[in-house]
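The values are calculated or read from the model by the stated rules, or taken from the named source; none is laboratory data. Computed from a prediction, not measured in an experiment: that's the story for all the values here. Methodologically, a virtual Cβ is constructed for each residue, glycine included, from the backbone with ideal geometry; neighbour enumeration extends over all protein chains shown. The protein model used for the area step is the full one, side chains on, heavy atoms only, and it has no ligands, DNA or RNA in it. Shrake-Rupley method; radii C 1.70, N 1.55, O 1.52, S 1.80 Å.
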Amino acid sequence: MPRRVLQFIAAVWLGMASADAQLTVIDHIKHLTPDEAAKGPAVEVEAQVVHLHPRRVGIFLFDGRLGIFVYLPEVASRYENLRVGSIVRIKGTATPGGFAPDIRATEVEVVGWSPVPEPRKFFEFEVYLPNLNLDCEWVKVWGRLVGASVLEDFNRILLELEIHEGKCSIQLPYTPDGMDRAAALMYQRVEFPAVAGTVFNRHRQMTGRTFYVNSFDDFTVYLEDFQQQDWDVRPIEQLLWAGANFQKALHTRGTVAQVGRNEVYLRGDQMSLKAVMVDSTRLQPGDHVDLFGFIWPQPISPAFRARTAKVIEKRDPPEALAIDLSGPLDPDWNYALVETETILVDIGQSFDMSPFASGTVYGPANSGRIGMVCRSGGRVFDVRLPEGFAGGGDLKPGAHLRLTAICNLMANRDPRWSHFVDGVWLEVLQPGGIEVVMPAPWWTVRRLVWAAGMALGALLFSFLWNLMLHKTVARQTETIGKQIEHESVLHERQRIARELHDTLEQGLAGMALQLQSSAKQLEIDPNRGKEALRLAQGMLKHCRYESRNSILDLRGGLLEKMDLPAALRESIRPLAEECGAELEVEVAGVPRRLRQFAERQLLHIAKEAATNAARHATPHRIRVEIEYLPGALRLEVVDDGTGFAVDRLAKAERFGLQGMRERANRLHGMLGIESSIGAGTTIRVDLASTEEWELEG
């Protein structure tokens, strides 16, 4: 029966026999469920220490079959005598652990010491085997070391190990010479005893494997890898040809194009090669070198892990290949030193969160460095800058750059018979590999957004301001309109009062006096009394005419609808038609509007003249002429009627002429009358200055 089956049956039997007793067997503890372990059952075990935590917070125990991790009590100074090989008796409680149950000790007693047992062989398939018994087991591991770094926060050295096609990490206690000793082992196949640890997540799922090694002295190197003499020498373009064994050491040659911290980039006859090594600082661009090491398979083209590098001769440094990253990507560009022009999209701090950048870092882990995002045509890609490069200056988004860098191509993950390149990133290894061809324009996207936002804000503010101003103006206009309307009404009332006072009231007062005089004349001389009555009748007729004009003005006169020449034509036409006369209205000069008061007086003068002609002179033609002069005005009403003797008019017939004269006086004008019997009549009004009556604006 297999050993594992016997162990399982024994664990089950021991668990049934001691369900209510202390747990004394590691196997039984490790097979507790998380819920059972969370109850903290008491444990007491005796086993051997195979690894100590550098800070003595815990130890790994091994009982000859299985291993387990033990948390030591807080007072670690009491356990200075603990060392690898110590036999200890542990009392405490079980805890669920992160992957498998472990022990939290309350008492630790060292009962002896003996050499650690020979570990069992660790198999390749166990790298990702989530087995409880394998966790914390004492095993012997075989693989190739490919990376090293320092975990300063944990006081440990971290190595990277390749086991066939899998990768694991190795943790060792930190020593000052640890990195030098790691360098001596780099890229070699080694064998070593270790505690097999399990990397897990918060859901108790296995995510990887790590090994805990006590010292660099525990590593044994397979020297047969380097004892042969007939090593293959393969050109760069023939690496990993059919039949090649990437686990077998060989030579390859090329000319150094660029040197990084722990890698060199070689130019071959047809393609380029990336070679990682412990120390590349002694090589210079132009060195034609012979590398000895192992092929490192990569998605686009192989890389190389060099144990040694020998300079064969000095040559001119290879020139950078001029490439255009906006078009198709050529697989031969991989690892080549290239020169390309691009546009900077962004620049800032980038971090390699893995201890091993692409599995090749040799040195401190998690070092921050400046990185860029660039664009060529429609392709956007990353650019890694040299360590310690601070950026600044003209390196701003939008700048046109010329980069001299190492080209790294990325392959599509779709399964194909041949690879398909669909991505690229560049690595600038020297500060001189960045040249600003054209500085970034001042109008960046951020500034454009800010400007657009400010313009939009200003537009919105202007719109709101105009809206508020419009409302304010509307309110003020309404208020002013009401004030003007009120003042206009008051003004119109005052005007009507003046006209009634100047015309109707005075006329009635004069007529009353005339009637009083007529009554006295009738008693003395009837003939003279009749003449006085006719005079009173004329005065009454004049008052009626003036009253009628005032009423028409109140109802809204023609001047509110049209200009003066049109109003003259409209008001005199009925009079001309009444007497059968031909009407002519002539305008000279450039017509302009005057204040309504002035135009109304002129209209009444012309209408009174036309009325007198139509009713008393039987004219054949009535001509009205208005002449607009600069700063002055002349109005004439001419008829070809019977005319009259101006000095022989009866008093009753003079009221019309007197009214016209009064209206002319109101305008500070002169009224002229020319007439004779049989020769017609001309009524003329001259305004020497119209400044007082001109409309503003």
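Among residues that are in contact with a strand residue (DSSP E or B) (Cβ under 9 Å, 6 or more places away or on another chain), surrounded by fewer than 18 Cβ atoms within 10 Å (Cβ to Cβ) and more than 21 Å from Asn214 (Cα to Cα), Glu109 is included. Could you check how many residues of segment 652-697 are modelled with pLDDT under 90, among the hydroxyl-bearing types (Ser, Thr, Tyr) and not in a loop (DSSP other than H, G, I, E, B)? Of the residues in that region, 1 qualify. Take Leu464 and decide whether it is out of contact with any Leu (no Cβ under 6 Å at 6 or more places or on another chain), farther than 30 Å from Asn262 by Cβ, open to solvent by less than 90 Å² (accessible area, probe 1.4 Å) and modelled with pLDDT of 90 or more. Answer is yes for this residue. Among the residues making up segment 152-163, those that are over 14 Å from Arg209 (Cβ atoms) and either in contact with a Ser or Thr (Cβ under 6 Å, 6 or more places away or on another chain) or open to solvent by 40 Å² or more (accessible area, probe 1.4 Å) (or both) are Glu152, Asp153, Phe154, Asn155.
Could you tell me whether any residue of segment 73-80 is small (Gly, Ala, Ser), open to solvent by 40 Å² or more (accessible area, probe 1.4 Å) and at pLDDT below 95? Yes, there is a match, as at least one residue in segment 73-80 is small (Gly, Ala, Ser), open to solvent by 40 Å² or more (accessible area, probe 1.4 Å) and at pLDDT below 95. Pairs are defined by a Cβ separation below 6 Å, a sequence spacing of at least 6 or placement on different chains, a first member in segment 231-243 that is at positive phi, and a second member that is not in a strand (DSSP E or B); the pairs so defined are Leu240/Pro302. Being among the aromatic types (Phe, Trp, Tyr), open to solvent by less than 60 Å² (accessible area, probe 1.4 Å) and modelled with pLDDT of 90 or more is a property that does not hold for Phe294. Taking the conditions (1) at pLDDT 90 or above; (2) within 23 Å of Ile170 (Cβ to Cβ) in turn, Thr33 satisfies each one other than (2).
Considering each residue of segment 631-651 in turn, at least one proves to be on the phi > 0 side of the Ramachandran plot, touching a residue at least 40 places away in the same chain (Cβ under 8 Å), in contact with a Ser or Thr (Cβ under 7 Å, 6 or more places away or on another chain) and of a type outside the set (Phe, Trp, Tyr).
The C-beta contact set for segment 94-119 (first residue hydroxyl-bearing (Ser, Thr, Tyr), second residue assigned to a strand (DSSP E or B) and open to solvent by 30 Å² or more (accessible area, probe 1.4 Å), distance under 7 angstrom, 6+ apart or interchain) comprises Thr95/Arg104; Thr106/Lys91; Ser114/Ile87. A Cβ distance below 6 Å, combined with a sequence gap of six or more or placement on separate chains, defines the contacts here; from segment 46-57, residues that are exposed (fewer than 15 other Cβ atoms within 10 Å of the Cβ) and of a type in the set (A, V, I, L, M) reach no residue that is assigned to a strand (DSSP E or B) and modelled with pLDDT under 95. In this structure, Glu126 does not satisfy being open to solvent by 60 Å² or more (accessible area, probe 1.4 Å), on the phi < 0 side of the Ramachandran plot and modelled with pLDDT under 95. When Ile26 is tested against (1) modelled with pLDDT of 90 or more; (2) open to solvent by 30 Å² or more (accessible area, probe 1.4 Å); (3) under 26 Å from Phe211 (Cα atoms), exactly one condition is not met: (2). Counted as qualifying within segment 554-651 are the strands (runs of 3 or more DSSP E) with 1 or more residues that are of a type in the set (Phe, Trp, Tyr) and open to solvent by less than 60 Å² (accessible area, probe 1.4 Å), namely 621-629.
Listed here are the residues, each with its yes/no results for (1) surrounded by 12 or more Cβ atoms within 10 Å (Cβ to Cβ); (2) of a type in the set (Phe, Trp, Tyr); (3) closer than 30 Å to Arg384 by Cα.
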site	(1), (2), (3)
Gly197	yes, no, no
Arg202	no, no, no
Asp218	yes, no, no
Pro235	yes, no, yes
Ala242	no, no, no
